[in-house]
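Everything on this sheet refers to the single structure shown next.
The values are calculated or read from the model by the stated rules, or taken from the named source; none is laboratory data. Nothing here was measured: the structure is a model prediction, and the numbers come from that model. When we count neighbours, we look across all protein chains shown, and the Cβ atoms used for this are built from the backbone with ideal geometry, even at glycine.
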Amino acid sequence: MSDRAVPTPSRSRPPRGTVDPRAPRFAAAITSVLLLITVFFGLTGLSTAQASDGAWLITQASVTERILDPGFLLLLLAAVLFLWSVAWPRTAPWGALYRKAVAPRLAPPTEWEDARPPRFAQGVGLFVSAIGLVLQLFGVPWALPIAAAMAFVAAFLNAVFGLCLGCQLYLLLQRAGILGRARPASV
């Protein structure tokens, strides 16, 4: 059992402040696909393009052209989804899809996970995406695909291996006394 897991009492509803640990992995799988496509468009788009004289095209592009770049629009979509998951986790699309379409087809979870670390991880994804978006607006070459790639790696590790980097960062900051207090193990 991980540091975040809470044993499941025999009840139909999850304990308050917990989530099925399979839900964040499901969301991470969908998010990683979106971010992989974003990385592709970032690498083939305005962010990495050079003119024949070797100058970066992004530095010569207008702000409107930078915004309309497909990589920018996809990373903006990812950032909006991260924001949605942080601000309104009960209505976030991937969580709602999991609860309505996937969870009913699975056996009930054997344990629940504290909801704070996955929510913090979504905030980290939002932060990384926002940095990439802002740097793209300022015309920094390669910033957008690098930010998208960093977010992709984190989402991929969570989806495939169950390693949530943002959750681990949350637990590290919690143990250092920087973030919230630990919840008791029993609910």
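Residue by residue through the range 58-75, note down the ones that are among the aliphatic types (A, V, I, L, M) and surrounded by fewer than 18 Cβ atoms within 10 Å (Cβ to Cβ). Show your work before the answer.
Filtering the range 58-75 down to residues among the aliphatic types (A, V, I, L, M) leaves 58, 61, 63, 67-68, 73-75.
Hits for the range 58-75 are Val63, Ile67, Leu68, Leu73.
For the range 44-67, what are the residues that are among the charged types (D, E, K, R), in a loop (DSSP other than H, G, I, E, B) and under 13 Å from Phe138 (Cα atoms)?
Narrowing the range 44-67 to residues among the charged types (D, E, K, R): 53, 65-66.
Restricting the remaining residues to those that are in a loop (DSSP other than H, G, I, E, B) gives 53.
Residues satisfying the conditions do not exist here.
Please find, among Ile146, Ile131, the residue that is modelled with pLDDT of 95 or more, in contact with a helix residue (DSSP H, G or I) (Cβ under 6 Å, 6 or more places away or on another chain) and part of a helix (DSSP H, G or I). Quick ask: steps written out before the conclusion?
Values: Ile146 fails: in contact with a helix residue (DSSP H, G or I) (Cβ under 6 Å, 6 or more places away or on another chain).
None of the others qualify; the one that does is Ile131.
Looking at Thr91, Thr44, which one is more than 20 Å from Pro24 (Cβ to Cβ) and over 13 Å from the mean Cα position of the chain (by Cα)? Working first, answer last.
On the way: Thr91 fails: more than 20 Å from Pro24 (Cβ to Cβ).
From the options Thr91, Thr44, the qualifying one is Thr44.
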